[in-house]
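Written out below as C-alpha cells is the structure these notes cover.
The values are calculated or read from the model by the stated rules, or taken from the named source; none is laboratory data. What you are looking at is a predicted structure, and each value in this text was computed from that prediction instead of being measured. With ideal geometry, Cβ positions are generated from the backbone for all residues, glycine too; neighbour counts draw on all protein chains shown.
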Amino acid sequence: MAFLLNYKRADRVSTIHVQNALAAGGHTPGPADGRFGLSTMKAVVAFQNAHGLDPSGMVDEALYAQIVSGKAPKPVAEKKAPVKKPAAKAAAEAKPVAKKAPTKKPAAKKPSVTT
C-alpha cells in the first residue's frame, strides 16, 4: 500500500483530516496540527479497538476512508459468558460453617522446690 500514516511518516493534510474526523467521532487526537504524534496514534488505536479492527495505530487507505467518511464498521459488542461457580464453592457459600473458639488450657503449676 502506498498510502500510510504513522508516527514516522505522515502527510500533514491527510493527518489533519484524520484528526478532525477522530475528534468528531469522540476520540481525542489532540490538536488538529497535521502531526501524527502520540495523541493521534492513541486515538487511531482507540478507533480501531472500538470497531473491532487490528489495533496497529497506523492508517492505511482503507482505514483512512473509514475514519474520514464516518462509514466505519459498527462497534463490536462484547458478550460476557455467564460465570458458573464450581460445585465446591457453591456448597461452601450456601452453608456457612461457624468456627469454634479455641479453648484455653490452664497454666501448668511449677513444682515448688523446698530444701
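Values computed for the structure shown
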{"item": "Of residues in segment 1-18 being part of a helix (DSSP H, G or I) and among the hydrophobic types (A, V, I, L, M, F, W, C), the one modelled with the lowest pLDDT", "result": "VAL13"}
{"item": "Search result, residues across segment 19-70 that are over 15 Å from ASN6 (Cα atoms), among the β-branched types (Val, Ile, Thr) and outside any helix (DSSP H, G or I)", "result": "THR28"}
{"item": "Breaking point among (1) surrounded by fewer than 19 Cβ atoms within 10 Å (Cβ to Cβ); (2) under 18 Å from ALA10 (Cα atoms); (3) in contact (Cβ under 8 Å) with a residue 24 or more places away in the chain; (4) not β-branched (Val, Ile, Thr), for ALA65", "result": "(3)"}
{"item": "Test for PRO75: is it in contact with a helix residue (DSSP H, G or I) (Cβ under 8 Å, 6 or more places away or on another chain), surrounded by fewer than 16 Cβ atoms within 10 Å (Cβ to Cβ), at pLDDT below 65 and under 30 Å from SER14 (Cβ atoms)", "result": "yes"}
